[in-house]
1. Of the heavy-atom accessible surface of the chain (probe 1.4 angstrom), what whole percent is carbon and sulfur?
2. Sorting check: for 37-45, 215-223, 124-132, which peptide has the highest mean count of neighbouring beta carbons within 10 Å, and how do the rest follow?
3. Could you give me the ³J(HN,Hα) list for the range 83-92, computed from phi with Karplus coefficients 6.51, -1.76, 1.60 and θ = phi - 60°, whole Hz, x at Gly and Pro?
4. Could you work out the helix-only [θ] at 222 nm for the chain, with each DSSP H run of four or more residues adding -39,500 (n - 2.57) and the total divided by the number of residues, to the nearest 500 deg cm²/dmol?
5. Quick one: Karplus J couplings for the range 182-190, per residue in order, coefficients 6.51, -1.76, 1.60, θ = phi - 60°, nearest Hz, x for Gly and Pro?
6. Just add up the charged neighbours of Leu197: K/R +1, D/E -1, any other residue whose Cβ is under 12 Å from the Cβ of Leu197.
7. In whole Å, what is the distance between the alpha-carbon centres of the range 340-363 and the range 101-159?
8. Compute the helix-to-body angle for 34-49: its Cα long axis versus the longest principal axis of the chain, expressed 0 to 90° and rounded to tens.
Amino acid sequence: MSRLAHGMLAGLDEIAEVGRDAARGGYSRHLWQGPDLELRAWFIERATRIGLDVETDRNGNLWAWWGEPGENAVVTGSHLDSVPGGGAYDGPLGVVSALDAVASLKGSGFQPSRPVAVVVFAEEEGSRFGVACLGSRLLTGAIDADRARSLVDRDGVTLAEAAGLAGLDPRRLGIDRAAIDRVGLFIELHVEQGRGLIDLQSPLAIASSILAHGRWRLTFAGQGNHAGATTMAERRDPMVAAAHAILAVTEAAVASPDSRATVGRLEVVPGGTNVIASRVIAWLDARAPSDRQTRDLVADIEVRIRLALAGTGCSLQITEESWSGLVTFDPTVAENLATALGGTPLMATGAGHDAGVLAALVPSAMVFVRNPTGVSHSPEEFAEAADCVAGVSALERMLRSVL
Ligand code: GLV
Ligand code: MN
Ligand code: MN
């Protein structure tokens, strides 16, 4: 990563080696595991160095306050966790830019008229416990606390257990009115995750909306058996069922305008080369331009899969893991911020964000920084240094315009 002579965004360099994943490429930084703990410690040290006071809320989100925490605060930030084998920018760019913008405001002698905080949301990607934007969902009550406590990671550790190990009181996970009621405006800066800004030929854009999206767990059950002793006619192989299902997912999404559907994760039980699986779990991520269309897409996927299952001798169970309705960001806030930046374009996105969760309760906005590769959730995710600097400076201008 080539960084900048003048020290802006040096934070990205400081964390560049944390959580590198030699096997997958890119970074794997998952909630409260080694790299995430290291990043949290780095954030606390970094924020403290610029004179902010850091507190951890009941759900493991970090808040770094400029002066006294208080009502009607302007909050900016993003997340530090990653998908498995993710890029360097998804999340950290927003956190580092927020710290730099606030440091620059402080350094210039600016006196804010409202409280200001930089926030780091926990488990935005849902890579450890399966539910995207878990920290902001818990904070806002968008996920039931009992359900959240019982979520399990790939090693069978519950969120309640992991929270306890991280020093939180698991009984206090859940909606935190005191914390959310302080937020008067949330602004999240984020690397663009598709080709939107390449097409707009602009380094920056303000978000207008986020596709409706959700995650579903598809469990295919069959008969575990011997790969050599079981004739093809005798088999009930859930891998074959899952293969049909994955094709059906793509066919359904292609048939639904502007929709996307993905199976990016499979768990094969027991997972032996000479073993016909007994169970396969496939995680479905489905997105579309409206809540109705997303629901219809998933219903169509289910019909297609059930049809394809006939003859495989396998059963299917579908469980909804998370749901996020269409987000339309407050158009007045978005227009005002776009104007403060001198006419930055508005852009819709298909990627989910904590700002989308917060938008249900507080005015929220996002600014995207161009990604010249158009690739994200991958080591190829990128942002040019000049565009990152433009992002920090835009964030600083946006903060000035509301402070
Ligand atoms: C988060 O990046 C998502 O859109 O899944
Ligand atoms: Mn992401
Ligand atoms: Mn993100």
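The values are calculated or read from the model by the stated rules, or taken from the named source; none is laboratory data. Keep in mind that what you see is a predicted model, and the values were worked out from it rather than measured. For neighbour counting, all protein chains shown are included, and Cβ atoms are generated from backbone atoms with ideal geometry for every residue, glycine included. Surface areas here come from the heavy atoms of the whole protein model, side chains and all, with no ligands, DNA or RNA. Shrake-Rupley method; radii C 1.70, N 1.55, O 1.52, S 1.80 Å.
1. Working: 8400 of 16180 Å².
Roughly 52 percent, rounded to a whole number.
2. Descending mean neighbour count gives 124-132, 215-223, 37-45.
3. Those phi angles translate into 6, x, x, x, x, 7, 10, 5, x, x Hz.
4. Helix contribution divided over all residues of the chain: -10000 deg cm²/dmol.
5. 6, 7, x, 7, 10, 10, 10, 8, 8
6. In short, -2.
7. The range 340-363 and the range 101-159 have Cα centres separated by 16 Å.
8. 10 degrees
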